[in-house]
Amino acid sequence: MRCRRPLAFLTVLLAACGGGKDAPVDPPSSAPRTATVTMLPSAFIPFSTTIAVGGTVTFEFPPGIDHNVIFERQTGAPQDIQITRNASVDRKFTTKGTYAYDCRIHPGMIGEVVVVP
């Protein structure tokens, strides 16, 4: 009889410790893996672009107007795009987050890339 109580207590204790759920995992993203941002004389179209982690954004520069794309300094931000015209430049995003950027040539010309898991 004396052995049953510690054994019962141990059984209840082990049952309370087991069966926990794993940490939640982000569901697969339905966001696209590619997107395009086009420059107008003083605006990025679209202003906000959402892509999946590992996705690529193509920045399209029109002929005749100089632009650049300068990202806010943060972990995961891609390399800036220096003064360019009449070209397409790709940037890959490997870390989730929101990456703000602007054209330093045209004040107020801003945009963002939102990268989701």
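Give me a count of the residues in the stretch 72-91 that are touching a Gly at 6+ places or on another chain (Cβ under 9 Å) and either of a type in the set (A, V, I, L, M) or surrounded by 12 or more Cβ atoms within 10 Å (Cβ to Cβ) (or both).
3
Is the stretch 68-80 home to any residue that is in a strand (DSSP E or B), small (Gly, Ala, Ser) and at pLDDT 95 or above?
no
List every residue pair whose Cβ atoms lie under 6 Å apart, where the two residues are 6 or more positions apart in sequence or sit on different chains, the first residue falls within the stretch 93-117 and is in a strand (DSSP E or B) and modelled with pLDDT under 95, and the second residue, located anywhere, is of a type in the set (A, V, I, L, M) and surrounded by 14 or more Cβ atoms within 10 Å (Cβ to Cβ).
Listed pairs, sorted by first residue: none to list.
The values are calculated or read from the model by the stated rules, or taken from the named source; none is laboratory data. In this text, all values refer to a predicted model and were calculated from it rather than measured experimentally. All Cβ positions, glycine included, derive from the backbone under ideal geometry; neighbour counts span all protein chains shown.
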